[in-house]
Amino acid sequence: MVKVHLWSGLRSLVDGQDAVEVQASTVGDILRGLVKLYPGLEGPIEAGVSVAVDGKIIANDLTTPVTTESEIYLMQKLRGG
Amino acid sequence: MALDDTKTKDFKFVGTRPERPDGVDKVTGRAKFGADMTAPGMLHGAILRSPHAHARILSIDTSKAEALKGVKAVVTRADFSTNPTFGPGLTGEPWNVLENVMAGEKALYDGHAVAAVAATSALIARDALKLIDVTYEVLDHVTDVDKAMAEGAPVIREGAADKSVPAGMHPNVVRYHDSGHGDVEAGFAEADLVLENSFKTEATHQGYIEPHACLGSLGNDGKGELWCTTQGHWYAQKMCAALLGLETSQLRVTASEIGGGFGGKTTVFIEPVALALSRKANKPVKIVMSRSEVFRATGPTASTSMDIKIGMKKDGTITAASGVFRLQGGAFPGAPCEFTAMCAFAPYALENVHQIGYDVMSNRPKQAAYRAPGSPMAAFAVESVIDDLCKELGLDPIDVRLKNASHKGTKASFGPRFDDIGLVETLEAAKAHEHYNTPLKEGQGRGISCGFWFNHGGETAVSLALSEDGTAQISVGTPDIGGSRASMALMAAEELGIPYEHIRCTVADTATLGYNEISHGSRVTYASGLATIKAAKDAVNKLCKRAAQKWGIPEDAVKWEDGCAVPSGANAGDFDPLPLAKITANMGATGGPIVGHFEATPEGAGVSFATHIVDAEVDHETGKTKIVRYTVVQDAGKAIHPTYVEGQFQGGAAQGIGWALNEEYIYGDDGRLQNAGFLDYRIPLASDLPMIDTVIVEVANPGHPYGVRGVGETSICPPLAAIANAVSAAAGVRMRELPMSPPRIVAALKAAQDG
């Protein structure tokens, strides 16, 4: 299981938790796993999220590998200028 | 993305300063911008805009306009798709864009488009607008962010809030961000001094010199062509197709030369309108915005209202920091409140930090990105408080920032840990700089600030084709908003080993390459650069294969050196180096054209930091300010073309000077924009600016083959704060509201004098 930290705006959708655990070996697994466990997250995830894996912000690539040791943060997707 | 072959030194071409490839075209007028394109039978479009800040549209009678000689088509909201959708990840936004492009049931701000005309001349089109009869029911309006959140404020759109918004908030609050770590109250209790203050910034426009312009042609068969000035023509293709109910691939979009964007050309405004008019008239339609339309109806940045609290020990250690950031982004969701919040304290390694952001709707135009959206305002508020703490505790502002600076391994204020970053290096370079060590003259003040931006990668496709004469042409999909064609050619020259001058880089149309994300997020030199390097390597592999075939040796027995294929070692055989041009000369007979490709979504953009030093003077009688010296120190990872990097640094500082001192959207009580032109909206003139010195720091980004970090946005993060700190020091009074225009400074001085 990998631990996924959430920004607090999402916590009301995951029973108030600030981090949840999902079975995952890639970023794509994480996002699919989150929606499966917490259907309320589908909207925010579809609206666009990035996943920080050990400090590297993954904006698109669902194939990026993760391990149980990875530090993972869900972040809102960047809109730059 | 794993990088198996990085190179951070011993460059032959990268880091040099060759002439820009678009220079001659631009100074001779040969470059074609948005308004420069014409087509046979072309009509001219014009757009009718709401004079009201908030009004229900009861009816639109276009019959008189349609009867005017020369008018060929009139469109309203009914001429667009009723169900704009595309792809995952953008649910809701196409609808918002459509609602902004052409009003539906309500006009939501002064300048909101309500109808459009195509006619045989621009004059007839404008005359026809006067014949369109719109009946409005004027509604109460609100344009200030704090007032828009307050009880009793007019509701812009009921039900627009997402699930992040806490219960009980006004319906105009549509998104909420809350993040941080540690225990800020415990941190404040440890501090020797805690300061808390509130700050405001006004909306500013990106101020690009080229107004929005396009030429659209769309037939009833659903096939179309669009020429437009844009930062992202694949996005324009996708969005126009969605708004008009087209198949994406049937609309080919070509990006014109671009006269500035800075984030403001990352969306569409007039393009779907030109196409809708064209479809109705069955003729090409050109629309060129006036400057007034640009101000009234295209995206400025968000305005803000912020509360900051920071605790510090006597030795300069920050014990805790918290911030509340309220942003209004016009009559639509999308103000970058989460980025304001996440960037605010990112420069500092904090054990206790908490930030909250609110996205608030008001009766203003839909905000658009503007260089590092949301970050400059946060820095203004946070770095002002840090400056006051330093002053009250008698500490050097750079030493304090160094003491608290984020570095590799720091848990960022927004959560994850930083990889290799260069903040400390920028602070050390600033501290050692002659500017910082030069005493101020009487009456001058000096300000320091750090700034942070994330940077971005995004979908990217590049093709590199070799010509028979041994030259190369690169096709990229990212419009050149900051000199990227030169940078791409330099990186390709480095890989191919042929001169920069023998390489031409072109921004290809949407039919030529795979999807390319917009030129935004400081991504182009990073992502298109990475793709160019990979495409060049792909071409080199194919060149080596041809040489191996010629020599009759295995492919892996050939390597590439200084523009030639050579045997990889003594065992490979004894062959003279085979130059690129010798291989391409007869490539048609040895296997066909040689083209390198790369298509991917690079994910190693690498964040970026900067430190700015500003000296300012203030005329205490008139409130006029003068920036007398300015130095930008920023981490570029690796400067591919240092002159362009310096230009980005200087441009960010120049725009920051305007934002800090003069630029603002001024609304009357009637909710109408009062200063929709450059005479009344004052951007800095050359005579307002000092020479802006630059120092390029290079801490390699591990996510790029040469270590590149984007530089286009971070340069606008520190200026507001650095200038505010300098002006406040010179004025002797803390300025907490931008712009620090002369009337505001005089008022602050008077308030201080009156006690």
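So here's what we get for this one:
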read-out	value
Residues B:Q753 and B:L440, FRET efficiency given R0 of 22 Å [Cβ-Cβ distance, rounded to 0.05]	0.45
For the range B:464-542 versus the range A:7-74, the gap between their alpha-carbon centres in whole angstrom	34
Ranked B:L350, A:L13, B:L689, criterion: other C-beta atoms within 10 Å, fewest first	B:L689, A:L13, B:L350
Dipole magnitude of chain B, debye to nearest 20 (Cβ charges: Lys/Arg +1, Asp/Glu -1, about Cα centre)	1660
Contact order relative to length of chain B, as percent, for alpha carbon pairs under 8 angstrom and 6 or more apart	16
The range B:562-605 versus the range B:345-385: alpha-carbon centroid distance in Å	48
Contact order normalised by residue count of the range B:603-687, Cα under 8 Å, 6+ apart, percent	20
Amide H contacts of B:Y136 (H built 1.01 Å from N, under 5 Å, at least 5 apart or other chain)	B:L58
Farthest toward positive dipole pole in the range B:385-451 [+1 Lys/Arg, -1 Asp/Glu at C-beta], among B:C450, B:S413, B:I398	B:S413
Label point 7 Å beyond Cα of B:D396 along Cβ direction - residues of the range B:294-323 with amide nitrogen under 19 Å	B:313-318
Residues B:W659, B:W227 arranged by fewest to most Cβ contacts within 10 Å	B:W227, B:W659
Percent RCO, i.e. relative contact order, over the range A:2-76, from Cα pairs under 8 Å lying at least 6 residues apart	39
B:R682 long-range amide H proximity, modeled H, under 5 Å	B:E664
Number of partner chain Cβ atoms within 10 Å, mean per residue of A:3-10	5
Chain B: projected area of the alpha-carbon convex hull, averaged over directions, in nm²	34.8
Anchor B:K537: lysines whose Cα lies under 24 Å away (excluding residues fewer than 8 positions away in-chain)	B:K7, B:K9, B:K12, B:K545, B:K550, B:K559, B:K582, B:K638
Span from the the range B:200-216 Cα centroid across to the the range B:227-289 one, whole angstrom	16
Column: log10 I(q)/I(0), Debye, Cα scatterers of the protein assembly as shown, q = 0.10, 0.11 Å⁻¹	-1.10, -1.32
B:R744-A:Q23 FRET efficiency (beta carbon distance; Förster radius 51 Å; 0.05 resolution)	0.35
Dipole magnitude of the protein assembly as shown about its Cα centre (Cβ charges: Lys, Arg +1; Asp, Glu -1), debye to nearest 20	1880
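No lab work stands behind these numbers, since they all come straight from the coordinates. Bear in mind the structure is a predicted one, so any value in this text is a computation, not a measurement. Here the Cβ is made from the backbone with ideal geometry for all residues, glycine too, and neighbour counts use every protein chain on show.
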